[in-house]
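The values are calculated or read from the model by the stated rules, or taken from the named source; none is laboratory data. The structure displayed is predicted, hence computed values, not measured ones. Glycine also receives a Cβ, built like all others from the backbone with ideal geometry; neighbour counts cover every protein chain displayed. Quick note on the areas: whole protein, heavy atoms, side chains included, nothing else; ligands and nucleic acids left out. Shrake-Rupley method; radii C 1.70, N 1.55, O 1.52, S 1.80 Å.
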Amino acid sequence: MAIVSHRARLLYISVPKVACTSIKSAFWALEHPEEERPSILRKSLTKLGLRKPARVPGIHQRSGYETLSFARVKLPPEGYSKVVVVRDPLSRLISAWRDKVTVENFRRRNGEIHELQNALLPLNPTFSEFVHNYDKYRKCSRPARVHTELLSYHIGHDLQWYDRVFKLEDLSAFTQYVSNRLGEHFDLRRLNESASLNREFKIEDEDVAILRDLLAADYELLGNCYIFDESVARLRSA
């Protein structure tokens, strides 16, 4: 979804599993300094074991901050910069599996456990099990589907549309760019860390061909930003 920051004079296109929550929350705080960041409030209540009040929506439910397709993006005012932060597609897929394809997440949504059991799918799959049943998990679980949409769904089909493209691996360049446009420090806090991020994974030999096919369109869209075989080698040796 396109987030318009009038203070920084830019349009930021968000992508799930690419520091999306943190960046959205930072722009919300920038444009609404009188309000507490929705995601900080949610995280604080969760730590205290309290439910988030229904009247306090999370950042992804705020008007103008929802996760919607690139097809709905409108051009910003003249002089506004169009920016996006991208991530290695394989790392993004692993992050989606680690954080969203878990029994804890399935239990949060009515009917998902039943759907998964009916499809004979493991409720806490290994990365390899997820890869081999990718379409089935996406069909049964909305979070699994939302966080694994093709990049083109979120950012369009041409990176040339953007004035600046930043890598998640160099997020400081993005924050510095926004700070320069603001004329002050852009306060970006990492908000969406989870214990599930410690979940161990292994890329099996038989997974590689499947992953290459699943992620081909994303790697093609990002061009020389990332190379699939290099990503596999790096992650298998980590």
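Could you count how many residues in the stretch 1-18 are within 14 Å of the chain's Cα centre (by Cα), under 14 Å from F166 (Cβ atoms) and either of a type outside the set (V, I, T) or open to solvent by 10 Å² or more (accessible area, probe 1.4 Å) (or both)?
2
Run Y80 past the list (1) aromatic (F, W, Y); (2) touching an Asp or Glu at 6+ places or on another chain (Cβ under 7 Å); (3) open to solvent by 30 Å² or more (accessible area, probe 1.4 Å) and report the number of the one that doesn't hold.
(2)
Counting just the residues of the stretch 54-74 that are surrounded by fewer than 10 Cβ atoms within 10 Å (Cβ to Cβ) and either of a type outside the set (K, R) or at pLDDT 85 or above (or both), which one comes out farthest from I23 (Cα to Cα)?
A54
Here's a check for you: in the stretch 153-176, which residue that is aromatic (F, W, Y) and open to solvent by less than 40 Å² (accessible area, probe 1.4 Å) is nearest to the chain's Cα centre (by Cα)?
F166
Would you mention how many residues in the stretch 88-143 are small (G, A, S) and closer than 23 Å to S231 by Cβ?
4
Could you please let me know if D229 is in contact (Cβ under 8 Å) with a residue 24 or more places away in the chain and among the charged types (D, E, K, R)?
No, not satisfied.
Where the second residue is open to solvent by 20 Å² or more (accessible area, probe 1.4 Å) and among the acidic types (D, E) and the first is more than 12 Å from H60 (Cα to Cα) and lies in the stretch 15-37, which pairs have Cβ atoms under 7 Å and are six or more apart or on separate chains?
Close Cβ pairs (under 7 Å, with a partner that is open to solvent by 20 Å² or more (accessible area, probe 1.4 Å) and among the acidic types (D, E)) amount to A26/D187; A29/D187.
Can you tell me which residue within the stretch 129-145, out of those that are in contact with a Lys or Arg (Cβ under 9 Å, 6 or more places away or on another chain) and surrounded by 16 or more Cβ atoms within 10 Å (Cβ to Cβ), is farthest from E220 (Cα to Cα)?
Restricting to residues being in contact with a Lys or Arg (Cβ under 9 Å, 6 or more places away or on another chain) and surrounded by 16 or more Cβ atoms within 10 Å (Cβ to Cβ), the top hit is S141.
Identify, please: which residue in the stretch 100-122 is part of a helix (DSSP H, G or I) and in contact with an Asp or Glu (Cβ under 9 Å, 6 or more places away or on another chain) and is, among those, least open to solvent (accessible area, probe 1.4 Å)? Break it down into steps so the answer makes sense when it comes.
Step one: list which residues in the stretch 100-122 are part of a helix (DSSP H, G or I), which gives 100, 103-107, 112-118.
Now restrict to residues that are in contact with an Asp or Glu (Cβ under 9 Å, 6 or more places away or on another chain): 105-106.
Working: N105: 23, F106: 0 Å².
Selected residue: F106.
Which of the residues spanning the stretch 1-16 are within 25 Å of L93 (Cα to Cα) and part of a loop (DSSP other than H, G, I, E, B)?
M1, S14, V15, P16
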